[in-house]
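Comments concern the structure below.
The values are calculated or read from the model by the stated rules, or taken from the named source; none is laboratory data. All of these numbers come straight from a predicted model, not from anything done at the bench. Backbone-built Cβ (ideal geometry, glycine too); neighbour counts: all protein chains shown.
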Amino acid sequence: MSDREVQRHRYDVVVIGAGGAGLRAAIEAREQGMRTAIISKSLFGKAHTVMAEGGIAASMGNVNARDNWQVHFRDTMRGGKFLNNPRMAELHAKEAPDRVWELETYGALFDRTKDGKISQRNFGGHEYPRLAHVGDRTGLELIRTLQQKIVSMQQDDLRDHGDYEAMIRVFDECAITDLMQDGPRVAGAFGYFRETGDLVVFEAPAVVLATGGIGKSFKVTSNSWEYTGDGHALGMRAGASLLNMEFVQFHPTGMVWPPSVKGILVTESVRGDGGVLRNSEGKRFMFDYIPDVFTKQYAESEDEGDRWYSDPENNKRPPELLPRDEVARAINSEVKAGRGSPHGGVFLDVSTRLPAEEIKKRLPSMWHQFKELADVDITKEPMEVGPTCHYVMGGVEVDPDTTAASVPGLFAAGEVAGGMHGSNRLGGNSLSDLLVFGRRAGLGAAQYVGSLGGRHPAVRESDLDDVIGFALQPFETEVGENPYEIHQELQQAMQDLVGIIRRPEEIEDALARLEKFRERATKVKVVGHRQFNPGWHLALDLRNMVIVSECVAKSALERQESRGGHTRDDFPAMDADWRKVNLVCSHAPGSVEVDLKRQPVPDIRADLIALFDRSELAKYLTEAELAALPEGDLT
Amino acid sequence: MSYQGHFRIWRGDVAGGEIQDFTVEVNEGEVVLDIIHRLQATQAGDLAVRWNCKAGKCGSCSAEINGRPRLLCMTRMSTFTEDDTITVTPLRTFPVIRDLVTDVSFNYAKAREIPAFAPPKGVAAGDYRMQQIDVERSQEFRKCIECFLCQDVCHVVRDHEDNKDSFAGPRYLMRIAELDMHPLDEMDRKKQAQDEHGLGYCNITKCCTEVCPEHIKITDNALIPMKERVVDRKFDPLVWLGSKIRRRENV
């Protein structure tokens, strides 16, 4: 193949990303009759979804019959500190049970209750046991089930059309570097195959972004190499806007030792199943960190918290199960106050709380992970844990019902989409988000393609020349920098300057550095040739990491309050006026600069606001908003 | 705490290649994948390796370390002495693409040949009822992270390229067992396991079980029970009679 030769493929719908959201979107698009391509940056079935451990939140009510979508909606809004897009939170809570049950028809095998239903476990911020799970490897079950469902559809296509890939095809180890457009409309996607280095353009009127998150912009992260903010950046370059990028979730419990595993996730199920957090003095410190807005839902004493596991009706839950932002900040404070563990974390102990056999049964992969990577037997001793960059709440601004972005033909679902989780995501709400909005994205894309009546946008050859030029640039640079060095510096800067606790002068420092990274990223040099060259892949990903980092930093500087996944040292409190504000990043046409503007958060419908009592709303809303509520009981 | 370790890494592509020597820093608590990453960042920017989760959950970073199929992310440097030379080569059973990356499409092709879960007719989504004890057998097999180490080590295909057509390999024979043991799956999978996917080739040397990073008892819990079910079906006169009677009812 000559240097600039490009493979061409034509599809109705192209899904970028092969995690939970992407696969569910593809299944739906295919079921709607669309010829669908799935583009996977890794091998099929390796997506980051496999790392999800705890479970899928869905108010099936199998363990506590009082659960329903309204309670789930309420928990989600509380977790997000009322900044969630309320329509997204509503759709998510309503549709999650159907999405979970559907997985069983694809062959999923969840853990069971005594009466044979899907078992559900407790998790941070969820009022009732709500997470469908398979031990602590729920993400693997989800990805494998969807993968096998796609295989089963391909078997149907072999039977009906004589070709496994007649209607749905997986292009694995393929990375997309640019979206193609015809005017404002999406016309396709351009990228390269990692295995061969061949260039490829997918011509398609609809593209679903399902690329996951941005964790690789931070040094300590639970995210894999793929999480370079590709979809965020692709969307933005195509003219879409990114919502609330300041909200980055630091999961409270990542491994801290040994250094090579620093950041790897320790599931919240450890706490859901009874694990407790202690500082170096042996104190269960979380009791000191229950914020005002949550005093009604969390236990005041260790005794009460412990009783809750067996008698949740008459006791409040232990504060180890507060939403993740609260727990991460508390651990951060303990370590800063000199009460940390030897390697700069705190202790997470399940060994004194459950019998060894029970631990191995409920938390098999945690047992395995600590035993094999840290020489720690979690049935006998506590783990050392600390916060790790885990998830970005911010993402592409979409229409809740169709997941359509502002660019015609562009859709986004899963972590890459913004709004659903507000300022902080509850554990378990990610897997359900992938399924609910993955399906809606596939449906939205199919309806959009149907509405075009065959008048598809076209890829312009001159645009193709430009994107090819960009992709091959790192090989043509005579003298340039090592992409690995720039990446490490970028991660360090974001970790140190725009991390868990943020200070304005540090964010400004980060922004100044990012400006230079942006410049440096255009002048990297890679060695070797195009076939499976990780240096080249990183060189191309750098551009995306710089853009999303700029969005995070700019938004973090603008929002002068602390809420969820954004904590300002100089504005430590939540501010009801800021609750009404979404921060939105976009590129002005033709510019590489990040343009930031404020826009109002969508109103919460009256029937949804009536799910809360007035005293709780008073903790989040402004005086004026409260005064505008109807008199008396809101329901 | 840290020392200079000796590594020998196969580098090359489909046209050929060779083992190359590297001396590289090793720090406390590291795994082999950390060392490969350090080589990429400092000495060999284009060294090809697959990896994702770095926690033994995705099964991407499979290779052979001193000749043994392993996950690079789960092989700790502390299992070697400072004087050991560590040799890392690509999986031998699959064609090389570049350096430590091999073409594992064989496995995806085999996956497609196994008929999918056959859901129970007339049971609506939400109405599936199964007991924990009944799902546990298949759940063990669903722990599989598809690292393909068992496929790599199995001598049926490792040493006999021509068996690849007729043998699905331990991972996919286990997939058949998983579906066969699924409490609600409606397909009889015994005959296809034997006739179409080469269950008979397996002579239970347990190499697959030995290399499984998830410690799934592939041979004891999946392959042997599957062989027993096949034998029951083939030779048990009662089963034979039953199948005749059922067939008559369907006429």
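Restricted to region A:105-123, and to residues that are crowded, with 24+ Cβ neighbours inside 10 Å and either outside any loop (DSSP other than H, G, I, E, B) or more than 12 Å from chain B (Cβ to nearest Cβ) (or both), which residue is farthest from the chain's Cα centre (by Cα)?
So the residue we want is A:118.
Answer yes if at least one residue in region A:464-474 is over 30 Å from residue A:131 (Cα atoms), outside any helix (DSSP H, G or I) and β-branched (Val, Ile, Thr), and no otherwise.
Taking every residue of region A:464-474 in turn, none turns out to be over 30 Å from residue A:131 (Cα atoms), outside any helix (DSSP H, G or I) and β-branched (Val, Ile, Thr).
List pairs: first in region B:13-36 and more than 13 Å from chain A (Cβ to nearest Cβ), second among the aliphatic types (A, V, I, L, M), Cβ under 8 Å, 6+ apart or cross-chain?
Filtered contacts from region B:13-36: B:19/B:9; B:20/B:9; B:22/B:9; B:22/B:39; B:22/B:44; B:24/B:35; B:24/B:39.
Quick one: would you say residue B:53 is facing chain A (nearest Cβ under 10 Å), more than 21 Å from residue B:158 (Cβ to Cβ) and surrounded by 15 or more Cβ atoms within 10 Å (Cβ to Cβ)?
For residue B:53, the condition - facing chain A (nearest Cβ under 10 Å), more than 21 Å from residue B:158 (Cβ to Cβ) and surrounded by 15 or more Cβ atoms within 10 Å (Cβ to Cβ) - is met.
Scan region A:549-586 residue by residue and report those that are buried (at least 18 other Cβ atoms within 10 Å of the Cβ) and in a strand (DSSP E or B).
A:563, A:566, A:567, A:568, A:582, A:583, A:584, A:585, A:586, listed by residue number.
Of the residues A:526, A:552, A:584, A:548, which single one is more than 30 Å from residue A:184 (Cβ to Cβ) and hydrophobic (A, V, I, L, M, F, W, C)?
A:526
If we keep just the residues of region A:557-591 that are touching a residue at least 24 places away in the same chain (Cβ under 8 Å) and of a type in the set (S, T, N, Q), which is nearest to residue A:505 (Cα to Cα)?
A:567
Those residues that are more than 10 Å from chain B (Cβ to nearest Cβ) and hydroxyl-bearing (Ser, Thr, Tyr), I need them from region A:355-379; list them, please.
A:379
Kindly establish whether residue A:314 is free of Cβ contacts under 8 Å to residues at least 40 places away in the same chain and out of contact with any Cys (no Cβ under 8 Å at 6 or more places or on another chain).
So residue A:314 passes the test.
Within region A:565-585, does at least one residue satisfy the condition of being within 14 Å of chain B (Cβ to nearest Cβ) and either in contact with a Pro (Cβ under 8 Å, 6 or more places away or on another chain) or among the small types (Gly, Ala, Ser) (or both)?
Looking through region A:565-585, none of the residues is within 14 Å of chain B (Cβ to nearest Cβ) and either in contact with a Pro (Cβ under 8 Å, 6 or more places away or on another chain) or among the small types (Gly, Ala, Ser) (or both).
For region A:145-165, give me each residue that is touching a residue at least 12 places away in the same chain (Cβ under 8 Å) and away from chain B (no Cβ under 11 Å).
Answer for region A:145-165, where residues must be touching a residue at least 12 places away in the same chain (Cβ under 8 Å) and away from chain B (no Cβ under 11 Å): just A:146.
If you take just the strands (runs of 3 or more DSSP E) that sit entirely in region B:9-98, which of them hold at least 2 residues that are touching a strand residue (DSSP E or B) at 6+ places or on another chain (Cβ under 6 Å)?
B:16-26, B:62-65, B:85-89, B:96-98
For region B:57-77, give me the residue count where each residue is more than 7 Å from chain A (Cβ to nearest Cβ), farther than 18 Å from residue B:6 by Cα and surrounded by fewer than 24 Cβ atoms within 10 Å (Cβ to Cβ).
Adding up the residues that qualify gives 1.
Would you say residue A:370 is of a type in the set (Phe, Trp, Tyr), in contact with a Gly (Cβ under 7 Å, 6 or more places away or on another chain) and at negative phi?
no
Can residue B:40 be described as at the interface with chain A (Cβ under 10 Å from one of its Cβ atoms), without any contact (Cβ under 8 Å) to a residue 12 or more places away in the chain and closer than 18 Å to residue B:19 by Cβ?
Considered against the rule, which asks whether it is at the interface with chain A (Cβ under 10 Å from one of its Cβ atoms), without any contact (Cβ under 8 Å) to a residue 12 or more places away in the chain and closer than 18 Å to residue B:19 by Cβ, residue B:40 comes out as yes.
Specify which of the listed residues (B:170, B:120, B:95, B:115) is in the same structural domain as residue B:72 (by TED's automatic domain parsing) and either touching a residue at least 40 places away in the same chain (Cβ under 8 Å) or surrounded by 20 or more Cβ atoms within 10 Å (Cβ to Cβ) (or both).
B:95
Confirm whether residue A:129 is in a helix (DSSP H, G or I) and more than 22 Å from residue A:579 (Cβ to Cβ).
no
Looking only at helices (runs of 4 or more DSSP H) that lie completely in region B:113-180, which have at least 1 residues being of a type in the set (D, E, K, R), over 17 Å from the mean Cα position of the chain (by Cα) and within 14 Å of chain A (Cβ to nearest Cβ)?
The qualifying helices (runs of 4 or more DSSP H) are B:132-142.
Can you report the number of residues in region A:228-263 which are assigned to a loop (DSSP other than H, G, I, E, B), within 14 Å of chain B (Cβ to nearest Cβ) and either surrounded by fewer than 24 Cβ atoms within 10 Å (Cβ to Cβ) or at pLDDT below 95 (or both)?
Adding up the residues that qualify gives 5.
Does residue A:332 satisfy being more than 30 Å from residue B:34 (Cβ to Cβ) and either assigned to a helix (DSSP H, G or I) or more than 14 Å from chain B (Cβ to nearest Cβ) (or both)?
For residue A:332, the condition - more than 30 Å from residue B:34 (Cβ to Cβ) and either assigned to a helix (DSSP H, G or I) or more than 14 Å from chain B (Cβ to nearest Cβ) (or both) - is not met.
Which of the residues spanning region A:47-68 are in contact with a helix residue (DSSP H, G or I) (Cβ under 8 Å, 6 or more places away or on another chain) and either aliphatic (A, V, I, L, M) or free of Cβ contacts under 8 Å to residues at least 12 places away in the same chain (or both)?
A:47, A:50, A:51, A:52, A:56, A:57, A:58, A:60 - these are the residues of region A:47-68 that are in contact with a helix residue (DSSP H, G or I) (Cβ under 8 Å, 6 or more places away or on another chain) and either aliphatic (A, V, I, L, M) or free of Cβ contacts under 8 Å to residues at least 12 places away in the same chain (or both).
Residues of region A:14-61 being surrounded by fewer than 24 Cβ atoms within 10 Å (Cβ to Cβ), under 30 Å from residue A:363 (Cα atoms) and among the charged types (D, E, K, R), which ones?
Result: no residue meets the conditions.
What number of residues within region A:606-630 are touching a residue at least 60 places away in the same chain (Cβ under 8 Å) and over 27 Å from residue A:555 (Cα atoms)?
4
Going residue by residue through region A:431-453, is there one that turns out to be free of Cβ contacts under 8 Å to residues at least 12 places away in the same chain and not in a helix (DSSP H, G or I)?
yes
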